[in-house]
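The structure appears right after this line, and notes come after that.
Just so it is clear, none of the values below were taken in a lab; they were calculated from the coordinates. Just so it is clear, the model here is predicted, and its values are computed rather than measured. All Cβ positions, glycine included, derive from the backbone under ideal geometry; neighbour counts span all protein chains shown.
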Amino acid sequence: MTADILLRALASIPVALLLPLGVAAPRRVGSRCLLAGAIVLAALAGELAHWQAWAIVAATMVAGVVPIADARRPWALIGATLAVAALAVAVTGVGAVVDALQALAHDRRLVVVVAGGVTTVFLGGALIGAILHPFAQRIGTTKADLQGMENAGRVIGWIERALLYSLVLVGAPGAAALVIAGKSVARFPSFTEERFAEYYLIGSLMSLAIALGMAIAVRAIIGVNPVAPL
């Protein structure tokens, strides 16, 4: 049973704590803690009879205290995410880790799903970066400004495509649309600059197209109706 807790926790903790990097998340500490805890609590809804589940929810809420990192330096949130994931492994024990790995190893579809996710997040990012580089050069007033913007966009793009791919893969395209909408709200003040608005729209639409296309392809390969919810 603890293997199920571990798998659900490791799937939900990154979403709960890294969400502020990709969408317009609340900036009040209390609201962020409650949102992070609610996401993990929902993921562990079937396992709440076990103290490990509540320990993971509590740790996630504590990690929500970490300030929303500057777009150029998101490492505080990433570090908090890794710390809570390590705590989840610690409280569920080595046996849960072994059981979880064995359960995953017996499902060959996992290889396809993971390969699709890696392709979407990283190779998709490289493709988008190559296409957007000429546009980024026109936006950055100095080399330093351009480099900072590219680094921020790279990290946000990884998280954005991971969320979009996962949500479409599980048959929740409506939630994927909310990710794009939330990100757009967060960037809205910058849309007064026409060149940035065009740059942003090209990158976001390419991320959406890559994540959507890869998720549909993976669903077809593992034998799931590409347009029906799981």
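Could you work out how much longer the chain between Arg154 and Ile202 gets when fully extended? Use 0.36 nm per residue separation minus the Cα distance between them, nm to one decimal. List each step's numbers first, then the result.
On the way: separation 48, 0.36 × 48 = 17.28 nm, distance 1.42 nm.
Difference between extended and current length: 15.9 nm.
Among residues other than Thr120 whose Cβ falls under 11 Å from its Cβ, what is the net charge (Lys/Arg +1, Asp/Glu -1)?
With Lys, Arg at +1 and Asp, Glu at -1, the net is 0.
Arrange the following residues from fewest to most other Cβ atoms within 10 Å of their Cβ: Tyr200, Tyr165.
Listing Tyr200, Tyr165 from fewest to most nearby Cβ atoms yields Tyr200, Tyr165.
Mind sorting His133, His50 by how few other Cβ atoms lie within 10 Å of their own Cβ, fewest first? Each step should come with its number before you reach the end.
Working: His133 11, His50 16.
With the sparsest Cβ surroundings first, the list reads His133, His50.
Kindly put Trp54, Trp75, Trp158 in sequence by how many other C-beta atoms sit within 10 Å of each C-beta, fewest to most. Can you show the working numbers first?
Values: Trp54 15, Trp75 11, Trp158 19.
With the fewest neighbours first, Trp54, Trp75, Trp158 line up as Trp75, Trp54, Trp158.
Pop a pseudo-label 7 angstrom from the Cα along the beta-carbon direction at both Leu110 and Ala42 and give the gap in nm to one decimal.
2.5 nm
Tell me, in nm to one decimal, what length is gained between Leu101 and Val118 on full extension, where the rule is 0.36 nm per residue of separation less the Cα-Cα distance?
Working: separation 17, 0.36 × 17 = 6.12 nm, distance 1.86 nm.
This chain segment gains 4.3 nm when fully extended.
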